[in-house]
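Working notes for the structure below.
Please treat every number below as a calculation from the coordinates, not as lab data. None of the values given here were measured: they were computed from a predicted structure.
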Amino acid sequence: MSVSAADIDTALREALAPTALEVQDDSHLHAGHAGAREGRHFSVRITSAGFEGLSRVARHRLVYDALHSLMPRGIHALAIDARVPDEP
């Protein structure tokens, strides 16, 4: 079973209680790319108070942790923009 943007949205909302969240399936932009056979490509823009005081790498780890169970279902690439409220 393939993972969808809605699956990612649900998992991130449950784990990180974001104040803003956008999940975009970018797979169509990678048609023909070797990795496209291995899974889908997604972009995530997420704002959460849970990222307060964390480095960019630590924020990304929280996102990956929240999506851990979905990764084997076909996430090949994930672009993450993780911010705290009021961060430009």
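Sequence-distant or interchain residues sharing an amide H contact under 5 Å with Ile75, placed H: which?
Residues meeting the criterion, in which the H sits 1.01 Å from N, are Arg40.
Considering only the chain, what is the antiparallel percent among its DSSP beta bridges, to the nearest 5?
So the antiparallel bridges in the chain amount to around 45 percent.
Length gain on complete extension for the stretch Leu54 to His68, per 0.36 nm per residue less the alpha carbon to alpha carbon distance?
This chain segment gains 3.1 nm when fully extended.
At a threshold of 8 angstrom on Cα-Cα distance, excluding pairs fewer than six apart, so keeping six or more, what relative contact order does region 5-83 reach in percent?
Relative contact order here is 38 percent.
Could you state the angle between the C-alpha long axis of helix 56-66 and the longest principal axis of the C-alpha atoms of the chain, as a value from 0 to 90 degrees rounded to the nearest 10?
The answer is roughly 60 degrees.
Can you tell me the mean projection area, over all orientations, of the convex hull of the chain's alpha carbons? Units nm², please.
Quarter of the Cα hull surface area: 5.7 nm².
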